[in-house]
Amino acid sequence: MTVAHEHHAAPAPAPAPDPASAAAGRGWRDLRGLLHLIGPDRRRFAAAVACGILNQASLIAAAALGAYLVGLVLRGSGRPDLTPVALALILLAVPRCVLPWLETLWAHDVAFRTLARVRGEVHETFARLAPGGLILRRSGDLSSRAIGDVEALELFFAHTLSPLLVALVVPSAALLVVAVVAPWLLLLIAPLLVLLAAAPRRWTASAEADGVAIREGLSEVTVAVTDSIQGAREIALFDAAAWRRTQLAQAGARLVRAHHSHAARAGRHAGLVDAITGFGVLAALALAGALVRAGDLPGEHLPVVVVTVAFALAPVSTVVEVTRELNTSVAAAGRIVDLLALPAPVTDLVTTDPEPVAAAPALEYRDVRFAYPLTGAATAISPDGQARVAPGRDVVHRISFRVGAEQMVALVGRSGSGKSTLAALAVRFFDADHGAVLVAGHDVRNWTTNGLRNHITYVPQDPYLLTGTIAANLRLGRPDATEEQILAAADAAQVTRFVTELPTAFDTLVGERGLSLSGGQRQRIALARALLRDSPLLILDEATSALDAATETLVLDGIRRFRAGRATLVIAHRLSTVADADMIAVLDAGHVVEAGTHTSLFQRQGVYHQLAAVQLDGLPTDRGDSP
């Protein structure tokens with residue numbers, strides 16, 4: 001083992017801006033960035049658009065024929081003139097029934113399939129970022145993006161994209177009819193269409209800002225509710241329900257203000273669009289009436305012109321209205337694109353895993369130095385979820401030691417001394433800033449992350465149990481495990497002792513985060529699934545801290561049997577956990593200050609002796625925690 005005392009501070013990188021703060025103003029670019037996800041269903045989507053175009057065309061044709069029929073009746077035409085028009089109207093009833101149904105069916109089918117792909121990409125992003133890239137991110141906000149923001153995209157994919165494309169075709173077709181019947185009306189209608197199409201562009205920035213405020217407000221409410229549920233015990237214990245209710249009310253009030261601003265702006269825009277549309281129809285009616293009185297337009301064409309003009313303006317007006325409601329979709333797309341673009345703390349540099357070197361130690365640290373990256377926050381939380389450390393400053397300083405293939409090496413030291421950080425570097429939650437961490441003789445960066453983590457089993461102090469049964473949680477790391485293997489691991493970790501007392505034994509539901517079990521029971525289940533994983537290297541990070549002394553003794557005996565022939569790195573405070581380690585490394589402020597066996601370190605009367613004195617003699621120390 002090498003003990004290094006020098007400290008070399010890493011240069012602090014510039015703080016990265018929060019990508020979510022730049023969401024407003026990017027608009028449709030974010031939505032376009034998600035359009036590629038339609039790819040596998042593009043034919044069905046094209047069919048939905050075609051049905052929409054044909055549906056609007058048949059609607060315009062039916063309205064024009066109906067208006068023409070009315071004009072013929074008013075002129076006093078007989079049955080020979082009325083019958084063909086009436087038959088054409090009857091025939092148009094069939095596509096008018098079928099086409100809307102097909103458009104809705106296919107558009108929604110494509111939308112829900114696309115949303116499923118977006119969820120898949122979000123899940124892949126979580127897997128790519130976990131856990132280092134998610135440490136400082138709020139679970140409520142991540143849930144809001146993965147669920148609420150994805151669902152908000154349904155409006156775009158199912159109710160907007162197809163109408164937008166249809167709107168590019170239908171007004172042109174309606175204008176063609178107007179051009180044939182009354183060409184002079186184009187001078188009136190064309191400027192109105194341009195005005196209606198251009199109006200949303202003037203509202204984009206403010207409308208998107210409202211959309212961003214709504215999505216961020218919903219996220220804040222989700223975060224507040226999530227914290228209230230997960231922290232219900234602490235809120236009750238500290239009688240903080242009223243204070244928490246105030247926080248929820250404040251978050252809700254901010255969301256209400258965002259909705260109010262959006263609704264007020266939407267109302268103004270809707271009034272303006274309706275005014276322009278109404279003016280266009282009235283102007284067309286007046287101009288067409290003047291043409292009829294001048295003898296330049298047949299009287300029976302007057303209703304056709306008015307109806308056609310209304311239908312020429314209606315699709316654009318509809319699109320303007322839908323676009324106004326899309327602000328939340330635009331904001332949601334921005335939040336999702338930001339999430340998908342987050343850089344992973346580590347990336348695979350290779351595609352295949354190396355062959356373990358037979359003579360190499362199972363785990364080796366060579367002159368390792370590491371500082372948590374700056375995140376814009378004042379502090380960072382280490383992967384054990386416990387210690388708070390200053391980002392940008394070295395947490396471990398040029399540390400070197402080895403864990404042999406059949407050795408047990410223990411790390412002890414006060415909270416924040418870098419113990420859990422060393423474990424996190426081994427499983428590549430982060431990469432070392434200097435030096436190298438080697439597993440089975442190879443730099444961890446020369447492994448794929450999956451291959452590396454299959455080679456190592458890491459048990460944190462506060463293990464997470466997935467919602468489900470005890471058996472399902474045990475199988476997490478080894479789904480194909482036999483009943484005999486599960487029972488053997490459960491026996492070794494003393495899980496069987498309490499499971500057999502439960503009404504449904506291994507089929508007992510653990511509740512969300514395993515909160516229906518005690519901390520000690522959760523730790524034993526985590527140990528059992530780690531033993532079941534049967535990896536060559538086992539890392540235990542305060543994995544027995546919640547156990548009573550008698551249970552810990554039994555668990556440690558079971559671990560000793562299971563770790564025969566394997567390497568084990570143990571992080572612990574209790575002497576009972578580390579006393580029989582082949583080597584103990586004592587960390588202080590990121591440095592290895594002592595190394596040796598329990599006996600040799602205790603006799604040295606150094607830092608280890610000071611830490612151990614608290615447990616052995618009950619003597620107070622002036623330096624903090626015990627080992």
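Selection of the stretch 188-219 for residues being more than 18 Å from residue 257 (Cα to Cα) and at pLDDT 75 or above yields only 191. When the stretch 421-453 is filtered for residues that are open to solvent by 10 Å² or more (accessible area, probe 1.4 Å) and touching a Gly at 6+ places or on another chain (Cβ under 9 Å), the ones remaining, listed by number, are 429, 430.
If we only count helices (runs of 4 or more DSSP H) wholly inside the stretch 524-604, which ones have 2 or more residues that are without any contact (Cβ under 8 Å) to a residue 12 or more places away in the chain and open to solvent by 20 Å² or more (accessible area, probe 1.4 Å)?
Values: elements: 549-562, 575-578, 598-603.
Fully inside the stretch 524-604 and qualifying: 549-562, 598-603.
Of all residue pairs spaced 6 or more apart or on separate chains, none has beta-carbon atoms under 8 Å together with a first member in the stretch 429-458 that is more than 12 Å from residue 368 (Cα to Cα) and a second member that is aromatic (Phe, Trp, Tyr) and open to solvent by 20 Å² or more (accessible area, probe 1.4 Å). Within the stretch 454-491, the set of residues being open to solvent by 30 Å² or more (accessible area, probe 1.4 Å), farther than 14 Å from residue 530 by Cβ and of a type in the set (Gly, Ala, Ser) comprises 472 only.
Table: residues versus (1) modelled with pLDDT under 75; (2) open to solvent by less than 20 Å² (accessible area, probe 1.4 Å); (3) polar (S, T, N, Q).
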| site | (1), (2), (3) |
| --- | --- |
| 143 | no, no, yes |
| 150 | no, yes, no |
| 157 | no, yes, no |
| 164 | yes, no, no |
| 170 | yes, yes, no |
| 173 | yes, no, no |
| 176 | yes, no, no |
| 184 | yes, no, no |
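Residue-level analysis places residue 60 among those that are at pLDDT below 85 and open to solvent by less than 20 Å² (accessible area, probe 1.4 Å). Just to verify a result, which residue in the stretch 220-243, among those that are at pLDDT 75 or above and not β-branched (Val, Ile, Thr), is least open to solvent (accessible area, probe 1.4 Å)? Of everything passing the filter in the stretch 220-243, 224 is least open to solvent (accessible area, probe 1.4 Å).
Screening residue 494 against (1) crowded, with 22+ Cβ neighbours inside 10 Å; (2) assigned to a helix (DSSP H, G or I); (3) touching a residue at least 40 places away in the same chain (Cβ under 8 Å) leaves a single unmet condition, (2). Of the residues making up the stretch 389-421, those that are closer than 24 Å to residue 602 by Cβ, assigned to a strand (DSSP E or B) and either of a type in the set (A, V, I, L, M, F, W, C) or modelled with pLDDT under 90 (or both) are 399, 401, 403, 408, 409, 410, 411, 412, 413. Only one entry in 79, 75 is open to solvent by 90 Å² or more (accessible area, probe 1.4 Å), in contact (Cβ under 8 Å) with a residue 60 or more places away in the chain and out of contact with any Lys or Arg (no Cβ under 8 Å at 6 or more places or on another chain), namely 75. No other residue among 462, 480, 431 is among the acidic types (Asp, Glu) and either part of a helix (DSSP H, G or I) or over 26 Å from residue 525 (Cβ atoms) (or both) apart from 431.
The values are calculated or read from the model by the stated rules, or taken from the named source; none is laboratory data. Here the structure is a predicted model, which means the values were calculated and not measured. Reconstructed Cβ throughout: ideal geometry from the backbone, glycine too, with neighbour counts over all protein chains shown. With ligands, DNA and RNA removed, areas are computed over all heavy atoms of the protein, side chains included. Shrake-Rupley method; radii C 1.70, N 1.55, O 1.52, S 1.80 Å.
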